[in-house]
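The values are calculated or read from the model by the stated rules, or taken from the named source; none is laboratory data. These numbers come from a predicted model, not from an experiment. Positions of Cβ are generated from backbone atoms using ideal geometry, with glycine treated the same way; all protein chains shown enter the neighbour counts.
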Amino acid sequence: MADRVNSIEDLEQLKAAAAAQGTSVPNYNEWSQILNDLEEAGVQSTGSFSGDKALRDEIQQTVEQYIEQTKVEQTQQQQQMQEEQPRKISETDNEQALKATVANAVSSNIMADYMKYYHMLM
C-alpha cells in the first residue's frame, strides 16, 4: 500500500493496486468524497484517511460557525433597524408638528396684522 494519498489520482492508483492483489481500499467511497470536498475547498490532503476526515470535519465546523455568526449578525442588524425606524418616524413627526406650529403662528400673526390694518382703514 502507498504511504500517502494526497489526491484522488493517488487514491485511484491505490484502489487499482489493491484490486490487483485481490483486496480493496477500506472506506474508498467516503475517502474519495472527502478528497473531493478538500479539493473544492482548496485544502491540501493530509495523506491519510483519518487525517483527511478530521480536516474535512474541522472545515465543516468552521463553515457552520461562520454561517451561524452571520445569521446572528443579520438578526442584530434587523433588530437595530426595527428599533431605529420608529425613532426616525417620531423625529419626522416632531419636525412636521414644529413646522405646522410655526406656519399656524405666522398665519395667525399675518391675519391679526391684516385685521388691525383693515380696522384702521375703515
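Being loosely packed, with under 10 Cβ neighbours inside 10 Å and under 27 Å from the mean Cα position of the chain (by Cα) holds for only one residue in GLN82, GLN61, and it is GLN82. The single condition among (1) under 30 Å from the mean Cα position of the chain (by Cα); (2) of a type in the set (S, T, N, Q); (3) surrounded by 10 or more Cβ atoms within 10 Å (Cβ to Cβ) that SER107 does not satisfy is (1). Out of GLU39, GLU9, one residue alone is in a helix (DSSP H, G or I), free of Cβ contacts under 8 Å to residues at least 60 places away in the same chain, loosely packed, with under 15 Cβ neighbours inside 10 Å and under 27 Å from the mean Cα position of the chain (by Cα). It is GLU39. Of all residues in the range 12-36, count the ones that are in a loop (DSSP other than H, G, I, E, B) and within 30 Å of the chain's Cα centre (by Cα). Summing the residues that are in a loop (DSSP other than H, G, I, E, B) and within 30 Å of the chain's Cα centre (by Cα) in the range 12-36 gives 0. Quick one: is GLU83 modelled with pLDDT under 90 and part of a helix (DSSP H, G or I)? It is true that GLU83 is modelled with pLDDT under 90 and part of a helix (DSSP H, G or I). Scanning the range 42-53 for residues that are under 26 Å from the mean Cα position of the chain (by Cα) and in a helix (DSSP H, G or I) gives no hits.
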